[in-house]
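Throughout, read-outs are computed from the coordinates displayed, never taken from laboratory work. What you see is a predicted model, and the numbers here were worked out from it, not measured in a lab. When we count neighbours, we look across all protein chains shown, and the Cβ atoms used for this are built from the backbone with ideal geometry, even at glycine.
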């Protein structure tokens, strides 16, 4: 816990998407969290839970005009981003907040060398830097992210590199502006597990060196366990539970979190035995219930759950849970 | 010893790659001398990183790619290189399911037609008995009979995989190849499908080749596991031996790279570098370039996959005994 105000603070964020019939629906529905400097918050959830929309809304990258922030606040060091101009957001994105996506191929420019793409960020941020120093800085950055033979690779085009190398280039570009906040949205999901291990250890060491705040978004519980200080679990557009990382895995409180952990093959006591699978599916966006959104899959749901949506309640141990019955269930 | 259901002997699958006009063609050696067997009712897991040839191997078994050389013995009969007509009676006994069920299901046919199709092709039963069989299959995979009249797009990803499984087991196969069958699914749905596969395997005494990049899933589903690297098997043994007491340095790095809840974060990635190109396979051991234990012998001579006479644990490494002896004390 730090005394200073958080780097990023998201309060009661709502993100709406308009469908083909012109009807707007909240895909993210009242999400709140903070990220402090030097801290990693893991945002975990299954596909469609709204975790990536949350990330994109922070950066002003929501696809317009279909999607937009429909309520709440996003504050970066106290500054309101939800109401910020595009110009201001662009400045922040290049100077303060950096982002890494799952697929570096779509984020890199295929017609420029990787060296030029890193250099462009430096040119933007450090206009006073001389050309020679800038090129030297490009090399240092590529070496920092573990690209072997950086002096040769600097002239390579993205398609000439492997997926792991491209993701390293993305990280080098993200770090070039010396950001204070890094948003990583499934940055290793497309990579093989040995390459994933390389990228994760790289992110951990770079974060420690630079004291960046990090928002790490993933569907992979075991992965987020490797690097998050705190973890927020999203389900159907809402945060259902948030806890310090170790505490979450040791004593999950929300039935959804428990269900997710129990459904992992690694949680099975015996191989080739049935897993503790959750029944049913996430309700569709047009069938969101008035009560708890997990109620239709929850083994403990009662009338209260079906009728009243539980609020996210915070506790002194750093946990927050949105479940009417969690206490009873954990006794 | 029981006769294996499937025995693969020195199978190769090479794809000539055009380099451009007047350039000599190069060979992509996707599968390069692979031998293994699967017993009746057994699941062999096949793990490896992208591009290692595991999917090509699965397809070559079913003749979806015609093997370049080697033998595939199904109940003792060689099926490699048979014409479509010749292999048809055997194809009933071998089925495959893929990662993305929406791509392998014809979107213009109803689910009932899709599941009935293999029965029609193999001229089994009359219309009425086929309808009864379709209902029976839907029930087996946990879908309501009303699903028969709907189209694939009306179902979720998990349900579509159920449809794919129903079609695959329509002809009562003896071998089911699962090629990344649950990789596109969220954890909660993945557990449901894994349970379904385990149930069906027991009910039909199926043998399975379970191909996946996800080691925790393979570990849960398999009796034995084969580890593939650049077109070759490097290690084959009982599932708990491969994941718990791996012998090959590559398998060990692979297992160490898998993030696990409760384990400390990876401080240093276990493996550096990328998979070499399958068009430029090095001489000697294929893993030597990335192996921290390589010697001159490794770069000169390719190690054969040799079985430990006591345990039947197969390893393709010149030095695994010394490596285990020296690193065991360090751990």
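Counting only alpha carbon atoms, the long axis of helix B:157-169 and the longest principal axis of chain B meet at about 80°. Need the C-alpha centroid separation for segment A:23-98 versus segment B:194-234, integer Å. Taking the Cα centre of each part, segment A:23-98 and segment B:194-234 sit 40 Å apart.
What whole-number value in cubic angstrom gives the convex hull volume per residue for the C-alpha atoms of segment A:110-178?
So the per-residue Cα hull volume is 74 Å³.
The modelled label-to-label distance for the pair residue B:128/residue B:64, using points 7 Å beyond Cα in the direction of Cβ, is 3.7 nm. Take every pair of alpha-carbon atoms less than 8 Å apart whose residues are at least six positions apart; their mean separation over the length of segment A:1-149 yields a relative contact order of 21 percent. Dividing the mean sequence gap of close Cα pairs (under 8 Å, 6+ apart) by how many residues segment A:110-178 holds gives a relative contact order of 49 percent.
Under the definition of partner shielding as Cβ atoms of other protein chains within 10 Å of a residue Cβ, what is the mean value for peptide B:190-196? Intermediate results must be reported in sequence, preceding the final value.
Values: counts 6, 13, 8, 2, 7, 6, 2.
Mean inter-chain Cβ contacts per residue within 10 Å come to 6.
Distance from the C-alpha centroid of segment B:76-90 to that of segment A:209-232: 51 Å, rounded to the whole angstrom. Take the Cα of residue A:77, step 7 Å toward its Cβ, do the same at residue A:267, and the gap between the two points is 4.1 nm. For residue B:27 and residue A:5, the FRET efficiency from 1/(1 + (r/R0)^6), where r spans their Cβ atoms and R0 equals 56 Å, is about 0.35. Rg over Rh for segment B:1-159 works out to 1.03, using Cα positions for both radii and the Kirkwood form for Rh. Each peptide among B:309-317, A:184-192 gets the average number of other Cβ atoms lying within 10 Å of its residues, and from highest to lowest they stand as A:184-192, B:309-317. Taking other C-beta atoms within 10 Å as the exposure proxy, A:35, B:72 rank B:72, A:35 from fewest upward. The distance separating the Cα centre of segment B:91-119 from that of segment A:258-305 comes to 28 Å. Comparing A:279, A:40, A:91 in a Gaussian network model of chain A where C-alpha atoms under 10 Å apart are linked, the largest mean-square fluctuation is found at A:279. To the nearest 10 degrees, how steeply does helix A:114-125 sit against the main Cα axis of chain A, on a 0 to 90 scale? Once rounded, the angle reads 80 degrees. What the Cα atoms of segment A:12-141 give is an Rg and a Dmax of 17.4, 55 Å.
Looking at the protein assembly as shown only, what percent of DSSP beta bridges run antiparallel? Nearest 5 please.
On the way: 56 of 91 bridges.
Beta bridges within the protein assembly as shown, antiparallel portion: roughly 60 percent.
Counting only other chains, what is the mean number of Cβ atoms within 10 angstrom of the Cβ of each residue in peptide A:219-225? Present the calculation step by step, with values, prior to reporting the outcome.
Values: counts 2, 2, 3, 7, 5, 2, 7.
Counting Cβ atoms of other protein chains within 10 Å of each residue's Cβ and averaging gives 4.
Under the rule a/c < 1.5 gives rounded, and otherwise a/b versus b/c splits prolate from oblate, where does chain A land using the Cα gyration tensor? Here chain A falls in the prolate category.
Put a dot 7 Å past the Cα of residue A:19, heading toward its Cβ, do the same for residue A:134, and the two dots end up 4.9 nm apart. Contact order normalised by length for segment B:118-200, with contacts defined as Cα pairs under 8 Å and 6 or more residues apart; what percent is it? Worked out over segment B:118-200, it gives 30 percent.
For chain A, the longest principal axis of the alpha carbon atoms and the long axis of helix A:131-144 meet at an angle near 40°.
Return A:217, A:204 ranked ascending by Cβ neighbour count within 10 Å, so the fewest neighbours appear first. Before the final figure, lay out each step's value.
On the way: A:217 24, A:204 17.
With the sparsest Cβ surroundings first, the list reads A:204, A:217.
Taking the DSSP beta bridges with both ends in chain A, the antiparallel portion is around 60 percent. Pick out which of A:195, A:231, A:173 has the largest mean-square fluctuation in a Gaussian network model of chain A, springs linking Cα atoms closer than 10 Å. Per the Cα network of chain A with a 10 Å cutoff, A:195 tops the list.
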